[in-house]
Amino acid sequence: MRNALSFDIEDWFQVENMKGAIAFRDWDKLELRVARNTERILSILKDNDTRATFFILGWIAERCPALVQEIAGAGHELASHGYGHDLVYSLTPGEFREDIRKSKEIIEGLANRKVYGYRAPSFSITKDSLWALDILKEEGFVYDSSIFPVSFHDRYGFGKCESAPFKWPNGLIEVPLTVYRIRNMTLPLAGGGYFRLLPYMYFKYFFNKLNAKNEQFTFYLHPWEIDPGQPRVKLPAGYRFRHYVNLKATEKSLKMLLRDFRFERIHQAYGLPVGN
């Protein structure tokens, strides 16, 4: 069974946990590490004969055009992560439209191929920002992968939404992030910070249970999560823990994941109606 593998292409200073310490206006003054980290991921994927979906921040695509072309040239799917990594529910509908249109145009122009998928920064399409779904559809996106069916996170969550792909009333396809439900408990499985915080055997156990039931899962990671040498920024204790926990172990865990499970690009894994 082929599961869905994805990477959110942003750099270490662009995550939401950093916003109180690093302003958008200062991004261009900071060391870009995203290209080398993404190239490391590309090498790992090549060694494991695996293709994935890359949700690329438009700001990064502008500054690393060769990286976008390298990802496309390796046969991976290009998708949008927006332009400026703003939470969707912090934007007006007009600002959101401008953000996703700008990112889509930049990536499509660099790779000479259509972008069909979108993932919101910090999974910020919630019940307070469902208006974004119609804008995504109007701007030519076929699917969204922004819904995280948990209810305990301070920035995102969508309650008891299923984690299997489904279609919104407007026809936009949703590919939620994976959870596992046991009675009244919802266990996060999709990757990211959870993949660094929890032991690998936790993921292996529940992913095997899903595949044994003929259910696929959707997994994600960021390039900065395999970079223990990134700069350290003074942050509130909770944010510092979220960002820096177990960075040294992530690459090894990713390699084990690729050894133990089979993966594909999102649109291939779920048979979505896109053209590339």
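Here are the numbers for the structure shown:
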item: For q = 0.12, 0.13, 0.27 Å⁻¹, Debye-computed log10 I/I(0) when each Cα of segment 198-276 counts as one equal scatterer; result: -0.49, -0.56, -1.32
item: DSSP bridge orientation in segment 2-269 - percent antiparallel, rounded to nearest 5; result: 20 percent
item: Extension reserve of the residue 105-residue 237 stretch, reckoned as 0.36 nm per residue once the Cα distance is removed; result: 43.7 nm
item: Percentage relative contact order, segment 1-101, counting C-alpha pairs under 8 Å, at least six apart; result: 30 percent
item: Residue 44-residue 215 FRET efficiency (beta carbon distance; Förster radius 25 Å; 0.05 resolution); result: 0.50
item: Nearby aspartates and glutamates by direct alpha-carbon distance to residue 204 (threshold 17 angstrom, same-chain neighbours under 8 apart not counted); result: 215, 251, 260
item: Semi-axes of the equivalent ellipsoid for segment 4-83, Cα gyration tensor, largest first, Å; result: 24, 12, 12
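Since every read-out is calculated from the coordinates, none of them should be taken as a lab result. Values in this document were obtained by computation on a predicted structure and should not be read as measured data. FYI the Cβ positions are ideal-geometry reconstructions off the backbone, even for glycines, and counts take in every protein chain you see.
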